[in-house]
Structures are given as C-alpha cells and as structure tokens.
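The values are calculated or read from the model by the stated rules, or taken from the named source; none is laboratory data. Since the structure is predicted, the reported quantities are computational estimates derived from the model, not experimental observations. A quick note on method: Cβ atoms are made from the backbone with ideal geometry, for glycine too, and the neighbour counts reach across all protein chains shown. Just so you know, the surface numbers come from the protein's heavy atoms only, side chains and all, with ligands and any DNA or RNA stripped out. Shrake-Rupley method; radii C 1.70, N 1.55, O 1.52, S 1.80 Å.
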Amino acid sequence: MSTPSPFADLGLSPELLAALSELGYEAPSPIQSACIPLLLAGHDLLGQAQTGTGKTAAFALPILQRIDIKKRLPQALILAPTRELAIQVAEAFQSHARHLPGFHVAPIYGGQGMGLQLKQLGRGVHVVIGTPGRVMDHIERKSLDLSRLTTLVLDEADEMLRMGFIDDVEWILQHVPATRQTALFSATMPEPIRRVAQRYLRDPQEVKIKSTTATVTAIRQRYWQVSGLHKLDALTRILEVEDTLDAAIIFVRTKTATVELAEKLEARGYGAAALNGDMNQVLRERTIEQLKNGGIDIVVATDVAARGIDVPRISHVINYDIPNDTEAYVHRIGRTGRAGRQGNAILFVAPREVSSLRAIERATRQPIEPLVLPSKQAVADRRVAQFKEQIMQVIESEELDYFGEVVNELAEEAADTDIHEIAAALAFLVQQERPLRADGLSDVAPRDAGASRGRDHDARDRRPDGSSQTYRIDVGRAHGVAPGDIVGALANEAGLSNRAIGRITLFDDYSTVELPGDLSKETLNALTFLRVRQRPLKLTPMTHRDRQGKRDAAGAKKTYERKKGKK
C-alpha cells in the first residue's frame, strides 16, 4: 500500500499527484515547497534559484491546476531564453498533465518552421512556451492571442538579459493583460532584472533558494550524451567493459520502467531486479539482501524505493534517466563511494538536458567528464577475455576426467573431425546466450560525449572546403545592437552552433555576418523571422559586388572577429 505523497500537503489536485507519483517524484524540493502554495494563492512571485532545483515543476504545477481545459486558448505564457529550454519546459508540462485529458501545450521558437507553429496555435492551446523573438513574431502576426492570459512566467531571466533579449521581454510584458499573474525566476538578480520585477510585478512574494549540495569527492562522475545508439545498447556496453564493476543501482523515473528495464537486463544475462514503491517491505528487503550477498548484481530503482540503501559492494550508480533536480542527483550517487571506496557515477544526458548537466556540475562543484562509449569490438574482446578466464578457472579447479572421456569418445566416433573443431563446437554451444561476437549490438559507432555542451559541431557547420556566405541583416549600431545579441539570436533561437557563426561586422544601420554556405532552405526561412533588439533581421545574402562596394566605407564600420567556440 503506497503512502500519501508529501505533495498533497501543497494543495495539488489528485490528477497532478498521480502524475508526480508515476514520474518518480518523492517529495517537493525546497523551491517547490515555497512557490507552489504562493502561486496557487494567486501571488506574483520573484524567485531566485539555480537551474536544476526543480523550479519548472514549481510553476508548472500551479499553472496546470488553474487551467480551464474547456477554454482552448492561451492561458499561460512561459518565456525561455533558448529553444532547448523551451522544449524541455514543454515536455515537463506534458508529463505533469498526463491525467488532464484535452490539455495542449505549444513550444514556439526560432529554427522551427513557422507553418507548424501556426497550425498548433490555430488548433488551440492552453499553455505556450516560447523564446522572446518568436513570441513577438506571433503577437505581431496576431497568430498568438494573449487577451485571456492569466499567468506569465519569465524563466532564467538573467540568461535572457545576458543574451540581449530583455528589451524584447519588456515589449511582450507591455502586450499582455495587466491583470495577469507574473512569476520571474532568475539564478542571479542583477539590477536590470530587479528593475523589470519592480515595474511589472505586483507586490511580489520573494523566494530565494540556496543550494545545499556539497562536493562529492570520492565518486568519479561521467556522462554519456544520448545519441545514435539506443540507451539499452549503450547501457549494455558500459556494464560489460567497466573494469571495476561489482554491483550497480540504475535509476529510472517511473515504477513501470524499473520492471521493464530489469526484465530486459535479465534477458541479456544479467542478475537484475526491480525496486519500486509498489513493492511491500518484505520483498524490498529481500531484494536488497540479494544485492548485498551477490544473489543479484543490479537493482533498477526509483528515487523513492532507493532511499536508505547502504550496500558497500555498490561500485556504480547509473542515472539511466536524468533526475528531476540536483539534490536528487547527489542523493542518488551517494549510494556508491562508501566506506572509503572509490565510487562511479554515470549519467545519461539527452541533448535537451545539457543545461541540467551544467547545473549538476555546479551543485557538486566537480566537473563531470565525458564517457566514450565502448565499441562493438571492445565489447567482443572483453567477452572473449572473460570466456578464456572462465575456462582456465574450470581447468584449475574442477575434476574433468569424466568430461574428458566424453570428448575422447566423440573424437573416436567422428574420426574425420579435428579435436579443435570439437572444442570450437563446444565453445559455440556454451556462448549462445551471450555471443562472444556481440552481433546483437547496434552497428552505430560510439560517439565521444565530449562533443556536447556547446562544442557539438558536425560536418553540417561548414562545407568540406570551409566555404561560407556573407549575409546582410537589418540591425546595426544605431539600434543599440551588440555582436553578442546577434550571436545569441543565431545560436539560441535558430539552433546554429557557435562554430558555424563567422565574422560579424557592425555598420550604423545594418550589419553583416558570415554563415555556412550550405544552410538548408528551412534554416534560412527560420532565420528570416528572427529578431534582435525588437527588429526583424531580414537576412539577405550579399553578392561579391555588394561586399566590394562596402570596402570603401571601412572607416564607418566596427568588425567583431569571433574566435572559434566563443561568443
């Protein structure tokens, strides 16, 4: 019998409580405990908290509780600095609303086709999550009707300030109903953000959360960026080649996932068991005892079920699903590295979760190193080495006379068969459940996870010959634009990597920027709608004659030569 959720004390509905339980939420984080009651009561809110403290749920849950599902129009708008965060927040809303039939959320951001967004908005949505430039576009097109808006959230406001979007944010604030509830979240509170809060928030309640997580020095932390391979294949490779692996806890988000993943690992020959909140105390204790005495080597668990586990032989904690907040991550990896032993923590990170990875690094005050996934050949080599070792152990420790006689009889009956062929056939039979050649693994080449976190640039950034195209954009120094504003719009709203953005030259009433010469038509269309300093870029390619004619005006320009990988 499951115990009541601590979230119930915050006044959340049964539908939301059921979703939180299925998502593996154990108890509210400090920012959730502080913010949810205030937002449910209708207060404006000024929240200061780091990324990864659970603030998305802190504003998403009150919004969902107050949404009128029958009214299919935008009732809440969340502004986010980057497309990645917009997508992540939209997915969180969708997960939390799994028991709210008919709920619709739309992420809108630069880099995605305008047509798709127009269709989404045209069908009717309850919540919109967007980047400032694209939200402005839809407001001006009248494709986004905010006349019935009841809640506005500014997420990571300091990031929007840093990227040059704060003027756009103020423009949006001036185009929404004055009666809306407003919540502003920021990791830091610089003076421009404080001024925005004073101007647009009404008697806000202030919440400041200080991270209490500490350095985790006895644990080696690594991450693998989910890409190409299925997560289960990646997990299998890691389990097979980790030299120091003794026992492991694998964390997933839901109770259902514990059972599904444990069964899949058992089918691949691992001693694994599920551990979740639906298990009674007797079964839970039996599973932990098996882990202690070597009856099983892997437990697949949720945060709730793993509470209090202290098994010295746990050498690895694998975060198959990234935790909901940094506090949960620290508690998870604390299951290893005990009693003076060296522990290992491995984190699977989807591209949209890179910001959570950075937050975890800040919380633990320790860098998390990239993990290069073992190749199929490395897995096969490891299996062969273990197979040989097992054979030698049997030769040294077992009485084999009887089996030797069976092999001799077989050799006599099959006189034309070499003894080595007989041994090979026996090896084939023995390894059928766990093939030495690892043919069952995906052929996708392992990817170096170090390419992530802003350094992930593939061949699409440039043509093989490195050619680029210079474009004119209709913003310049007279409009108060800085190179960082242009970089921020291109990199964060259009999805271009830093390395893809070349030289930026500022003139009085326009600028030029070098971009890869082989941008797709879809990307170029998306760039057309981008805004900087409330002005559309109106990106147009410059011809050789255009560039030649501008050289005479060199004295009137300021050139910003971008260093690779930096803004």
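Overview of results
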quantity: Hits in the range 1-18 (condition: modelled with pLDDT of 90 or more, of a type in the set (A, V, I, L, M, F, W, C) and not in a loop (DSSP other than H, G, I, E, B)); calculated: LEU10, LEU16, LEU17, ALA18
quantity: Residue ID - most open to solvent (accessible area, probe 1.4 Å), chosen from residues in the range 327-369 that are charged (D, E, K, R) and part of a helix (DSSP H, G or I); calculated: ARG362
quantity: Single residue of ALA306, ALA359 found to be within 26 Å of SER21 (Cα to Cα) and touching a helix residue (DSSP H, G or I) at 6+ places or on another chain (Cβ under 6 Å); calculated: ALA359
quantity: Qualifying positions in the range 354-395 - of a type in the set (Asp, Glu) and modelled with pLDDT under 85; calculated: ASP381, GLU389
quantity: Filtered residue count, the range 215-252, keeping only those that are assigned to a loop (DSSP other than H, G, I, E, B) and out of contact with any Phe, Trp or Tyr (no Cβ under 9 Å at 6 or more places or on another chain); calculated: 13
quantity: Which numbered condition GLY133 misses (of (1) small (Gly, Ala, Ser); (2) touching a residue at least 24 places away in the same chain (Cβ under 8 Å); (3) surrounded by fewer than 20 Cβ atoms within 10 Å (Cβ to Cβ)); calculated: (3)
quantity: Selection status of ASP44, over 19 Å from the mean Cα position of the chain (by Cα) and farther than 15 Å from THR182 by Cβ; calculated: no
quantity: Residue satisfying all of: in the range 256-287; modelled with pLDDT under 90 and in a loop (DSSP other than H, G, I, E, B); surrounded by the most Cβ atoms within 10 Å (Cβ to Cβ) among these; calculated: ASN276
quantity: Candidates HIS126, HIS96, filtered to the one that is surrounded by 20 or more Cβ atoms within 10 Å (Cβ to Cβ) and farther than 25 Å from VAL349 by Cβ; calculated: HIS126
quantity: Boolean, ARG562 is in contact with a His (Cβ under 7 Å, 6 or more places away or on another chain), surrounded by 13 or more Cβ atoms within 10 Å (Cβ to Cβ) and at pLDDT below 75; calculated: no
quantity: The range 298-326 - residue that is in a helix (DSSP H, G or I) and either aliphatic (A, V, I, L, M) or out of contact with any strand residue (DSSP E or B) (no Cβ under 8 Å at 6 or more places or on another chain) (or both) and, of those, modelled with the lowest pLDDT; calculated: VAL304
quantity: Residue match in the range 153-173 (condition: at pLDDT 95 or above and in a loop (DSSP other than H, G, I, E, B)); calculated: no
quantity: Selection count where residues are assigned to a helix (DSSP H, G or I), open to solvent by 40 Å² or more (accessible area, probe 1.4 Å) and under 20 Å from GLY269 (Cβ atoms), scope the range 288-297; calculated: 2
quantity: Index of the failed condition, GLN221 passing every other in (1) at pLDDT 90 or above; (2) polar (S, T, N, Q); (3) more than 17 Å from VAL317 (Cα to Cα); calculated: (3)
